[in-house]
Amino acid sequence: MNIIICGAGRVGYTISKILSEQNHSITVIDQSSDDIQKINEDLDVKAIVGKATYPSILEKADASNADMIIAVTRNDEINMLICQIAYTVFNIQKKIARIRSQDYLNPKFSKVYNKENLPIDVIISPELEIARSIQRKLEAPGTLDNVPFAENKIRLIEIIVNEKCPIANIKLNELTKKFPKLNANILGVIRDEKFIILKKNDVMIKNDKAYVVINSLHIAQTLEAFGHKEKISNKLLIIGGGNIGFNLAKNLEQEFEEARIKIIEKDKIRAEYIANELNNTIVINGDGLDEDVLNEANIEDVETVLALTNDDEDNLMASVLVEKFSKDKKTMALINKPNYSLLQSSLKIDDLIDPRMHTVSSILKHVHKGTIENVYSILNGDFEVIEADIIETSELINKELKNSDLPEEIRIGAVLRNNEIIIPRSDFIFKKDDKIVFLAKKDQLETVENLFRISSF
């Protein structure tokens with residue numbers, strides 16, 4: 001597929017890397033010569049310095065032959081204009097734009113986005129995606145991530161194997177016998193910064209980061225099997241009332257009635273705005289790094305603190321300051337700079353949130369062909385957890401899993417069939433209309449498309 005990516009920042013770079021490694025033909029456009037130079041040095045893609053809103057630059061990128069354009073510059077309006085020009089001048093059929101401003105995302109203005117007005121096929125809102133992700137983490141304490149698949153009936157949970165994990169050091173093929181309530185599929189683990197697909201005689205060990213596919217109704221018992229019995233936090237303090245903090249509070253008000261939420265926001269005008277928009281959230285105008293302000297927020301009574309400002313350093317410092325007040329509080333911090341993740345353990349922060357990969361995963365599910373509904377990236381796209389439908393032309397139909405000749409780098413996690421969740425065993429038989437959630441290595445994606453007979457868009 002010929003894809004043009006406009007914007008060579010962290011998201012644009014990551015998307016370019018993943019898609020080029022998946023054998024797509026990629027062209028990257030950015031005004032920054034430094035960012036383009038890095039792209040040229042690191043990646044096997046075509047890179048152009050220039051404004052992607054200029055038709056001449058898009059022409060240089062061979063836009064007339066492009067299948068898709070992805071606009072992820074730092075400016076919403078530029079991303080929108082890129083899509084308009086891409087469609088009007090070059091008739092590019094698939095147009096994806098990252099849009100951050102909440103005003104542009106208001107549902108009552110949705111009619112703006114159509115072929116007659118503003119031809120954007122897919123709008124990616126990182127802030128909304130991150131807010132939803134944080135909410136899912138709060139709903140499943142003990143998980144590093146909690147990702148819905150198959151109409152929210154199947155979940156992929158990411159969880160650390162700690163010293164209290166009862167199922168550590170037990171062979172996978174013995175887990176069902178020793179833990180009959182554990183109805184889950186352990187796809188693999190990250191160990192020593194490498195992803196390992198576990199086989200039936202393998203074990204999980206301390207500090208493994210496990211990826212587990214489960215029935216959404218079985219989250220609590222799965223976490224208990226891993227030794228996590230943390231209670232859901234009802235008392236939350238959000239530092240930063242930007243789009244992420246605001247949308248998180250708004251979602252929690254609507255779906256989590258027991259939550260008691262406070263927001264600290266430095267900007268007075270913004271604080272007044274979110275206070276008027278929220279119903280049951282206490283908004284404090286002040287600096288989240290000020291001890292007096294934290295005392296005003298009654299930090300001692302808070303169970304979880306979420307540092308969600310636009311400043312990485314402020315988020316880290318706020319988490320450290322909270323640790324000073326009380327050592328039993330859960331802390332989560334939004335971090336844009338990947339190197340800061342090295343500080344997590346030393347600063348004793350429970351969870352770091354990387355907005356980049358949320359955006360990347362949101363985009364990837366629209367790049368893959370046909371019946372793929374959802375995608376979750378692991379290790380910067382080295383592996384993906386994918387949701388796809390079995391259609392009538394698939395060669396998997398009526399085959400047992402053990403006789404399906406699936407490559408080792410593809411692991412079936414769970415199946416939705418007629419509202420029933422199946423954790424497949426070796427004698428499982430694939431049927432038409434099955435919704436499959438599976439793990440695949442990046443170099444097996446072509447095989448995936450062939451197996452599932454995924455047609456192009």
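Derivation of every value follows stated rules applied to the coordinates shown; laboratory data play no part. Everything numeric in this text was worked out from a predicted model, so none of it was measured. Note: ideal-geometry Cβ built from the backbone for every residue, glycine included; neighbour counts use all protein chains shown.
From the gyration tensor of the Cα coordinates in the stretch 13-85, what semi-axes in whole Å does the equivalent ellipsoid have, largest first, with each one equal to sqrt(5λ)? Walk me through the numbers before you get to the answer.
Working: eigenvalues 68, 40, 28 Å².
Over the Cα atoms of the stretch 13-85, the semi-axes work out to 18, 14, 12 Å.
Nothing charged except the Cβ atoms of Lys and Arg (+1) and of Asp and Glu (-1): what's the magnitude of the dipole of the stretch 235-353 about its Cα centre? Round to the nearest 20 debye. Let's see the in-between values first.
Numbers: 13 positive and 24 negative charges, 45 e Å.
For the stretch 235-353, the charge dipole is close to 220 debye.
In 5 Å bins starting at 0, how do the alpha-carbon pair distances of the stretch 2-124 split up by percent?
2, 12, 24, 25, 19, 11, 5, 2, 0
Would you mind pulling out the separation of the Cα centroids of the stretch 248-286 and the stretch 392-443, in Å?
When both Cα centres are located, 44 Å separates them.
Charges on Cβ only, +1 for Lys and Arg, -1 for Asp and Glu, centred on the Cα centroid of the chain; of N310, L172, Y104, which one is farthest towards the dipole's positive end?
L172
Beyond 26 Å, what percent of the Cα pairs of the stretch 235-353 remain? Please report the intermediate quantities before stating the final value.
Working: 896 of 7021 pairs.
The answer is 13 percent, as a whole percent.
For the pair E230 and S101, how long in nm is the line joining their label points, each one 7 Å along Cα→Cβ?
3.7
Separation of the stretch 210-234 and the stretch 294-352 by C-alpha centroid, Å?
23
As a check on your grasp of the helix formula, calculate [θ] at 222 nm for the chain: sum -39500 (n - 2.57) over DSSP H runs of n ≥ 4, divide by the residue count, round to the nearest 500.
On the way: 14 runs with 136 residues, N = 457.
The helix contribution divided over the chain gives -8500 deg cm²/dmol.
Past the 27 Å Cα-Cα mark, which pairs from K17/K94; K229/K441; K209/K441; K178/K329; K153/K327?
Over 27 Å Cα-Cα: K229/K441; K178/K329; K153/K327.
By the scheme Lys and Arg +1, Asp and Glu -1, what is the net charge of all other residues having a beta-carbon under 14 Å from that of T281? Please report the intermediate quantities before stating the final value.
Working: positive: K235, K250, R260, K262, R270; negative: E253, E255, E257, E258, E265, E272, E277.
In short, -2.
How high is the FRET efficiency from N310 to I282, r the C-beta distance, R0 25 Å, rounded to 0.05?
Working: r = 22 Å, r/R0 = 0.86.
The value I calculate is 0.70.
For a test of the definition: using alpha carbon positions, the gyration tensor, and the 1.5 limit on a/c, classify the chain as rounded, prolate or oblate.
Values: a/c = 1.70, a/b = 1.02, b/c = 1.67.
Cα axes put the chain in the oblate bin.
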